[in-house]
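These notes are about the structure you will find just below.
The values are calculated or read from the model by the stated rules, or taken from the named source; none is laboratory data. This one's a predicted model, so the numbers in the text were calculated from it and none came from an experiment. Neighbour counts are summed over all protein chains in view; Cβ atoms, including those assigned to glycine, are modelled from backbone coordinates with ideal geometry. What goes into the accessible areas is simple: the full protein's heavy atoms, side chains included, and nothing from ligands, DNA or RNA. Shrake-Rupley method; radii C 1.70, N 1.55, O 1.52, S 1.80 Å.
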Amino acid sequence: MKNTLYLGFVFVLLISCSEKSDPTFDEENFTSIFDNNQFTVAHYPIDFKQTADGGYLILGEKRIPSSNFRGIYLMKVDKMGKFVLAADSISNQFVNPVGELMAIGEKYFFFCMDGFSLQTQLVEVDQHAEGIKIKPLQAGITYPAAASMDGTDLLLLSYNHVDKKMALSKQDTAGAVTGSAEFDIGAGDDVEEPIINHFLRTGKRFPFQVGHISGGPYFFNGFENYTFSLVFTDLANDGADGVVQGQQDDGGFSAIHPLGSNKFAASRFNFGDNYFLPNVNLVTNGTTTGSDLGGNTLPELIHNAPVKIIRTQIAAKNILVFASDTKSKQIGLFFYDEATGEFLSSRYLGFSNPFEVANLVSTEDGGLAVCGTTYLAGRFPRICLIKISKGELAGQAN
């Protein structure tokens, strides 16, 4: 049974779904926590998208007692943050769902893998969390790690555990691979161990990422030559064209967002410390070191904090929003001017229970939605969705 705790932003009061309320306020500002009366249930959001009906499709993962991996959890929420449907009947054979959740036309796509063969699967679903189709990619693509859209095609970063290589592949929505390249992680079990522990959720979670710079190279954030690095490639040949090296598995980028040409908004971590770089130029065709880039330190963030970055417009300004987890167990939002990299303001989400960010999106009404995990009574992981209106955001751009 699914219960929704629906909380108003201003008064933080519990509102019954049967009470009358201003639907405009409900749609523009809300905090919803999706509870479950089964104490053993644990749901963790990965990514989400606003759908054509104004609601939200949330991709998450769930614990499976019989598996070393986590299973797939899909949930539909309406435009006022109220629970509609959980498509949690997907076979536990399919595990390790990875973001992004990608919208192409009226369909949504994400990758997962077969828990027995480890082969990567492409999942298609509609905006109602229904009409689910699962199809395998070509043999040899195992351990999906991150994905993103490239026009109407899909980019996938994966790990080839047989050859000990990171792989970047491009495929259409039918699952046909149209291009790929592989990159050596380095020899020895010590290099592979943290990667496998990432997938088993028994070690550090790495911020794997993949993308394509418009008019430029493809890139991925992953392991190459013994180090967690940002790698650039033309996808025409195996091996890197450019690398921004990290510090083995103790340093690297926690988020990358291309802004055009060699300009990026980025965040990096180094031995637990966190640094924001809202306006940085990176060399894409040579070898450099990430620790030389400096950045704005944020001591309020947790050790090796996860970070998400989006571009949006607030009060007619182009704004970069960084989202991360704070030591006060809240979700921190940090607003920067895109043109100058100047810090503008911050905002903190969460109350009473711990809150952790999964992702954030700009909404069709000019607001912002943030999806994450909260821990009821400090121990039961549940998905939360927070909506901030356009009016509420206006002051953040000053």
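So the values come out like this:
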{"quantity": "Residue that is modelled with the lowest pLDDT, among those in region 67-89 that are within 12 Å of E130 (Cα to Cα) and open to solvent by 40 Å² or more (accessible area, probe 1.4 Å)", "calculated": "D88"}
{"quantity": "Test: residue in region 27-46 that is of a type in the set (D, E), within 19 Å of E130 (Cα to Cα) and either over 16 Å from the mean Cα position of the chain (by Cα) or modelled with pLDDT of 95 or more (or both)", "calculated": "no"}
{"quantity": "Of residues in region 268-295 being touching a residue at least 40 places away in the same chain (Cβ under 8 Å) and part of a loop (DSSP other than H, G, I, E, B), the one surrounded by the most Cβ atoms within 10 Å (Cβ to Cβ)", "calculated": "T284"}
{"quantity": "Pairs where the first residue, in region 371-398, is free of Cβ contacts under 8 Å to residues at least 24 places away in the same chain and under 24 Å from F83 (Cα atoms) and the second is of a type in the set (S, T, N, Q) and open to solvent by 10 Å² or more (accessible area, probe 1.4 Å), C-beta under 7 Å, 6+ apart", "calculated": "Y375/N353"}
{"quantity": "Selection from region 218-263 of residues that are in contact with a helix residue (DSSP H, G or I) (Cβ under 8 Å, 6 or more places away or on another chain) and either farther than 22 Å from E192 by Cβ or aliphatic (A, V, I, L, M) (or both)", "calculated": "L230, V244"}
{"quantity": "Selected residue (criterion: farthest from A255 (Cα to Cα)) from residues of region 112-162 that are in a strand (DSSP E or B) and polar (S, T, N, Q)", "calculated": "Q119"}
{"quantity": "Within region 305-326, considering residues that are surrounded by fewer than 20 Cβ atoms within 10 Å (Cβ to Cβ) and polar (S, T, N, Q), the one nearest to E392 (Cα to Cα)", "calculated": "Q313"}
{"quantity": "When residues of region 26-43 are limited to those that are open to solvent by less than 30 Å² (accessible area, probe 1.4 Å) and assigned to a strand (DSSP E or B), the one farthest from L349 (Cα to Cα)", "calculated": "N36"}
{"quantity": "Residue selected from region 49-65 under the condition aliphatic (A, V, I, L, M) and over 21 Å from F199 (Cβ atoms), by the criterion nearest to the chain's Cα centre (by Cα)", "calculated": "I58"}
{"quantity": "Matching residues in region 245-254 - criterion: being buried (at least 23 other Cβ atoms within 10 Å of the Cβ) and either among the charged types (D, E, K, R) or under 22 Å from E338 (Cα atoms) (or both)", "calculated": "F253, S254"}
{"quantity": "Tabulated pairs, region 188-208, first in contact (Cβ under 8 Å) with a residue 60 or more places away in the chain and open to solvent by 40 Å² or more (accessible area, probe 1.4 Å), second of a type in the set (S, T, N, Q) and part of a helix (DSSP H, G or I), C-beta under 9 angstrom, 6+ apart or interchain", "calculated": "K204/N197"}
{"quantity": "Residues of region 90-111 that turn out to be without any contact (Cβ under 8 Å) to a residue 60 or more places away in the chain, closer than 17 Å to Q127 by Cα and surrounded by 17 or more Cβ atoms within 10 Å (Cβ to Cβ), as a count", "calculated": "6"}
{"quantity": "Given (1) in a strand (DSSP E or B); (2) under 21 Å from N304 (Cβ atoms), number of the condition R347 does not satisfy", "calculated": "(2)"}
{"quantity": "Residue in region 362-398 that is most open to solvent (accessible area, probe 1.4 Å), counting only those that are out of contact with any helix residue (DSSP H, G or I) (no Cβ under 7 Å at 6 or more places or on another chain) and polar (S, T, N, Q)", "calculated": "N398"}
{"quantity": "Looking only at region 218-251, and only at residues there that are over 22 Å from the mean Cα position of the chain (by Cα) and charged (D, E, K, R), the one that is farthest from S180 (Cα to Cα)", "calculated": "D241"}
{"quantity": "Residues (at pLDDT 95 or above and open to solvent by 50 Å² or more (accessible area, probe 1.4 Å)) located in region 343-361", "calculated": "F343, Y348, E356"}
{"quantity": "Which numbered condition S148 misses (of (1) touching a residue at least 24 places away in the same chain (Cβ under 8 Å); (2) among the small types (G, A, S); (3) within 17 Å of I72 (Cβ to Cβ))", "calculated": "(3)"}
{"quantity": "Residue match in region 236-243 (condition: open to solvent by less than 50 Å² (accessible area, probe 1.4 Å) and in a strand (DSSP E or B))", "calculated": "yes"}
{"quantity": "Among residues of region 134-162, those that are farther than 30 Å from L230 by Cβ and more than 22 Å from the chain's Cα centre (by Cα), counted", "calculated": "1"}
